[in-house]
Each structure stands twice: as structure tokens, then as C-alpha cells.
Amino acid sequence: MVNWAKQGFSKKLYKRVPTDVRSRYESYFNDELWKLQWYEQGYRNNYTNGMPLDMNLVPVYEELKCTGKGIRVAIIDDGIEYTHDDLKDNYDEEISINLNWNKKDPMPRYEDPTNSHGTRCAGEIAMAANNKKCGVGVAYNAKVGGIVLLDGKTNDEMEARALINANSLVDIYSGSWGPTDDGLMVDGPGVMAQIAFEIGATKGRNGKGSIYVFASGNGRMLFDNCASDGYVGNIHTVAISSVTMEGTAPEYAERCAAVIATAYSGGLDNGVKIVTSDINNTCTLSHTGTSAAAPLAAGVIALALEANGNLTWRDVQHLLVRNCEVAPLLKNSGWSTNAAGFDFNPQFGFGLLNAYKLVKEAIGWKTVPEKSICVKNFQIPKKYKHFGRVSKFVSTVITNGCNGYIRYLEHVQLCVTIRYPKRGMVEIDLQSPKNTTCKMMEPRPLDESNGGFFEWKIKSLQFWGENPSGKWTVIVKDETSKLFTGLTGSVEKLRLIMHGTKENPYN
């Protein structure tokens, strides 16, 4: 007797291996390496909790119709192979110059095999689309020029010339360089280069201000910190950090309170890195470092400038602050929320760039109000100016925000003159009246210089949007040199410089 019967059907069982997540835009361009440009692809609709996100670029092209057209970007580096098949149509001779060899031609010197850096950075921004060569630049219709500064020795005057070369024509200057990342140096632009940054911000782009994009630095494995880099620390620069495909900080990426945003790059291992053009008309899959992150950010900014040509250099920084994503980076420690509601991490700034959000807000953006600058000196009584391994220096200053002219902070700078026998042991904290605490300077244990700091300006973005009125507290200490308990030093000068507006910039 049959108690139960059912027709059988064949079926297939599947191994529990990771699903191959595919981009819905993988056929959007026909360039040979486009499918490998994971950071530009449209993965976000397929990815779920905890999965990394792309930089949301294709919707900018598809929906907002911005591709960088009309925007001119100068790559300050070691040259550009402008005859490259993926760059030649977007090369801009008018904004190019070779300062190292005192000529116009920015073609890299092939005798030095390291002179591929500028060509790689240029490709990230302006590789042509749909030509079946290499990949696609973030702003693939932007024009790109080369300013050769890194093919030999340089000086303050040459740097200054680079930073304002053709500044009525150039919209964005991209610099993936700075002082050596060896954990020993405290260095930045000289007097002439500092003036050039100021000229660029006030007169560049016909008064709207040149946009300076700089890499945050690759010295983290040597305990370096970008607070010791004066290019990153200049208020006119946009400092960009990097993150891996997995959403973690690369082992090399420096952190500091001057970082404003993060773009993708790769780590030092054999993981997927950045696709771009290379010298000898070739392509590369191995571009990495914060050097690779900064040009991606420059490309995103180029898209925003196409969307709204009236953006000032300060508008661009406000847009970056407001349009970064924290969620893809939350697995990393170091996040805090300031009193104005902005999430900040010195490793990543305000988060991962979201190109679509940024460009969309740029379209209807209204220029922020004029800013004011307020300067206050911390009191340093002779009796209490000394500090060392066994004691801290603590000082406070009360400010009313320049009689109320600053109610919404932008940049905060701390200008320090400190004597100490081992400079790298010095640690500096700054606390705002709203109890936001910022690590202005971290220990850099390899730096054993006895030179201290002289009128060194440290930039912080962590207080962005806060009201500065009230008591500010600074703490200078050495909690690192346990083997040198006899070390003592002195704080000679501390100056608080606050930049901001009286009116709410977002009303």
C-alpha cells in the first residue's frame, strides 16, 4: 500500500562561496579596463550592510550630465605624457610649464623611470571615455595640463610659480606630494609659496579662488602625522586621505585634523588598486597611495565646478564637509561628532566622497557669507610655561568670537612656538567651548630633533560649524618618552586663529 507519492524534480545545490557582485554600469563605457574601476562603478544598489561603496560617480554622468567639460586641472608633478592615447584629446598646453628645465614642454624625462607619477595622476582625472584604451577619468571631459616641479631640485620661488601658474585659467591644482614622509620632518611651504597660496585663493579663477587639492601623506608606518606637513595644514588646501576597497585605512595613510575628505586607493599588498594611464602609452592597475586618492577628489571637484562655475574656494570646502559618507568607514575607530553635528575622524576627515550628492548640491549652491578672522593669544606665565614627561602645560583663553563676528567656525589654527629636546614626543590637544577635543599634534617618535616648533601653524577642521564663544583650552604634554623622564621643555607662544562667519552659511 502506498501512503504518499510526489513527482520528483531535479535541482542543483550551490556551494557557499561569495557571490560575484556585478555593477549595473559595467558596460557603460567600452574602455578596456573600465570594468576594473570598482571605485567609479555603480555597486551601491547591489551592496548590503557592511559592504563597501563606490564613489557614486556614474549617476553624475547619467543624471546630472556633468563630465568635467570646461574645467581645467593642472597636475603639479613630474610631467605628463600628453601624447598618450588616453590623454592627448584632453591635454591643455596653455596651462602647462616645465619649471625644472625652464621650458614649456611638460613631457616627462624618461631617463628617470619614476617619472610616471604625473601621467598616472592626470589619467585618474582626464582619461578619455569610450576609446577602448585604459580606463575612464573621473572628469573625463576636463582638460588637464602639467606643471613640472618634481623632476629635480626645487626651491620656494619655483613652488610659488607652480602654485599660481596661469591662475586665471586653471580651476584646480592637484598636488600628490609634500615633505618626505619619513617621520622626521616638520616642513611646509616657504614664505613665497605661502603668499602664492593666498594669491591663488583671492585672485585665482577671476577672484573665486583656485582650488588646491593635496594628498595627506604616506608616512603612517613611520609614525608620521600630517600635522607636520605645512601644505596639508594650509587653510587654502583640500587635504585628501585614502581608504581601501574593504573600507579600512591603508597602512601608509597619515591622519591629522586637517584632512577634509577621503577617496579610494589601494593598500601595499596585491589587492585591487587604481586604474590609470602610464608612460610609454601604457596603462597600469597598480597606482596607489594618497597620491592616487587626491586626483580622484580633484576630478570630483571638477564635476562640481562644471555644475556651478560660481563656486568659490570656500564653497568647495563647505560642499566637501556636507557631502561625505561616514557609513562605509564606520568599522574604523576614531569617529566623533562635534557640537555642530558633523561627524569627523582625523583618519578620514568628514568621510568618503559621494560625487553625486556633492555635485547635486553644488547645482543650486549659494555662495557662503564673507568670513572673519579672530586671533587670541593664550596666556603663558613664566612660572608655568615648562612641561615634560612628568608635567603638562595647560592654558585657557576666553573669546567672544570677535565680538560676535564669528558664530560658525570654518578653519581653526593653532600657531605654536615650543622648545623641546625631542620634538616628536610633543603632543598637543585643543578643546573648544563646546567640549569638542581635537588632537592637534600626535607623537612622532622617530623625530628626535631638538629644534622644537617655531611659529608652526596646525590646522583643524574638527570644530567646523561650532560657535567659538567661550573658553578654549590647550594642553601640551609628553606621554611618550618613558625612557627619558628627565626631559623638560617650554611653551613660548600659543596663538588661536579662528576663521568663520557671523551668518549661518547654510541658510
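To keep it simple, each residue is scored yes or no on (1) assigned to a loop (DSSP other than H, G, I, E, B); (2) over 14 Å from the mean Cα position of the chain (by Cα).
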{"residue": "Gln194", "(1), (2)": "no, yes"}
{"residue": "Gly200", "(1), (2)": "no, yes"}
{"residue": "Tyr212", "(1), (2)": "no, no"}
{"residue": "Ala227", "(1), (2)": "no, no"}
{"residue": "Val232", "(1), (2)": "yes, no"}
{"residue": "Ser242", "(1), (2)": "no, no"}
{"residue": "Gly247", "(1), (2)": "yes, yes"}
{"residue": "Ala263", "(1), (2)": "no, no"}
{"residue": "Val275", "(1), (2)": "no, yes"}
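Okay, residues lined up against (1) under 21 Å from Leu303 (Cα atoms); (2) touching a Phe, Trp or Tyr at 6+ places or on another chain (Cβ under 9 Å); (3) modelled with pLDDT of 95 or more:
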| position | (1), (2), (3) |
| --- | --- |
| Asp54 | yes, yes, no |
| Thr67 | yes, yes, yes |
| Thr83 | no, yes, yes |
| Asp89 | yes, no, yes |
| Ile95 | yes, no, yes |
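Would you say Gly289 is on the phi > 0 side of the Ramachandran plot and either touching a residue at least 60 places away in the same chain (Cβ under 8 Å) or touching a Gly at 6+ places or on another chain (Cβ under 9 Å) (or both)?
yes
Does Arg444 count as basic (Lys, Arg), in contact with an Asp or Glu (Cβ under 9 Å, 6 or more places away or on another chain) and surrounded by 21 or more Cβ atoms within 10 Å (Cβ to Cβ)?
Details: basic (Lys, Arg): yes; in contact with an Asp or Glu (Cβ under 9 Å, 6 or more places away or on another chain): yes; surrounded by 21 or more Cβ atoms within 10 Å (Cβ to Cβ): yes.
The answer is yes for Arg444.
Taking the conditions (1) more than 19 Å from Leu303 (Cα to Cα); (2) in a loop (DSSP other than H, G, I, E, B); (3) among the hydrophobic types (A, V, I, L, M, F, W, C) in turn, Leu169 satisfies each one other than (1).
Table: residues versus (1) assigned to a strand (DSSP E or B); (2) in contact with a Cys (Cβ under 9 Å, 6 or more places away or on another chain).
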{"position": "Leu409", "(1), (2)": "yes, no"}
{"position": "Val416", "(1), (2)": "yes, no"}
{"position": "Gly424", "(1), (2)": "no, no"}
{"position": "Arg444", "(1), (2)": "no, no"}
{"position": "Phe454", "(1), (2)": "yes, no"}
{"position": "Phe463", "(1), (2)": "no, yes"}
{"position": "Glu466", "(1), (2)": "no, no"}
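Could you list, in sequence order, all residues of segment 133-166 that are more than 19 Å from the chain's Cα centre (by Cα), crowded, with 24+ Cβ neighbours inside 10 Å, β-branched (Val, Ile, Thr) and part of a loop (DSSP other than H, G, I, E, B)? Selection gives Val136 alone.
Would you kindly identify the strands (runs of 3 or more DSSP E) lying entirely within segment 354-405 that contain at least 1 residues that are more than 30 Å from Lys422 (Cβ to Cβ) and over 31 Å from the mean Cα position of the chain (by Cα)?
Numbers: elements: 372-377, 386-388, 393-399.
Correct list: 393-399.
If you go through segment 65-86 and keep only what is under 24 Å from the mean Cα position of the chain (by Cα) and of a type outside the set (Val, Ile, Thr), you end up with Cys66, Gly68, Lys69, Gly70, Arg72, Ala74, Asp77, Asp78, Gly79.
Select, from Asn102, Asn130, the only residue that is without any contact (Cβ under 8 Å) to a residue 12 or more places away in the chain and surrounded by fewer than 17 Cβ atoms within 10 Å (Cβ to Cβ).
Values: Asn130 fails: without any contact (Cβ under 8 Å) to a residue 12 or more places away in the chain.
None of the other options fit; the residue is Asn102.
Please specify each residue of segment 26-37 satisfying the condition of being modelled with pLDDT of 90 or more and part of a loop (DSSP other than H, G, I, E, B). Hits for segment 26-37 are Ser27, Tyr28, Phe29, Asn30, Asp31, Glu32, Leu33, Gln37.
Scanning segment 219-247 for residues that are surrounded by 22 or more Cβ atoms within 10 Å (Cβ to Cβ) and of a type in the set (Gly, Ala, Ser) returns Gly219, Ala227, Ser228, Gly230, Gly233, Ala239, Ser241, Ser242.
Could you please let me know if Ile274 is β-branched (Val, Ile, Thr), over 27 Å from Ala166 (Cα atoms) and surrounded by 24 or more Cβ atoms within 10 Å (Cβ to Cβ)? Walk me through it before giving the result.
Working: β-branched (Val, Ile, Thr): yes; over 27 Å from Ala166 (Cα atoms): yes; surrounded by 24 or more Cβ atoms within 10 Å (Cβ to Cβ): yes.
Judged against the criteria, Ile274 is a match.
The condition (being in a helix (DSSP H, G or I) and either at positive phi or touching a residue at least 40 places away in the same chain (Cβ under 8 Å) (or both)) is satisfied by just one residue among Arg120, Arg109: Arg120. The number of residues in segment 134-182 that are in contact with a strand residue (DSSP E or B) (Cβ under 7 Å, 6 or more places away or on another chain) and polar (S, T, N, Q) comes to 3.
When you go through (1) surrounded by fewer than 17 Cβ atoms within 10 Å (Cβ to Cβ); (2) touching a strand residue (DSSP E or B) at 6+ places or on another chain (Cβ under 8 Å); (3) farther than 26 Å from Lys208 by Cα one by one for Gly341, which number turns out not to apply? Unmet condition: (2). Annotation note: of Gly500, Gly489, the sole residue that is modelled with pLDDT under 95, touching a Gly at 6+ places or on another chain (Cβ under 9 Å) and part of a strand (DSSP E or B) is Gly489. The conditions of being surrounded by 15 or more Cβ atoms within 10 Å (Cβ to Cβ), over 29 Å from Val170 (Cβ atoms) and among the aromatic types (Phe, Trp, Tyr) are met by Tyr408. The set of residues from segment 313-338 being touching a Pro at 6+ places or on another chain (Cβ under 9 Å) and exposed (fewer than 15 other Cβ atoms within 10 Å of the Cβ) comprises just one member, Gly334.
The values are calculated or read from the model by the stated rules, or taken from the named source; none is laboratory data. Small disclaimer: the values here were computed from a predicted structure and weren't measured. Neighbour counts are summed over all protein chains in view; Cβ atoms, including those assigned to glycine, are modelled from backbone coordinates with ideal geometry.
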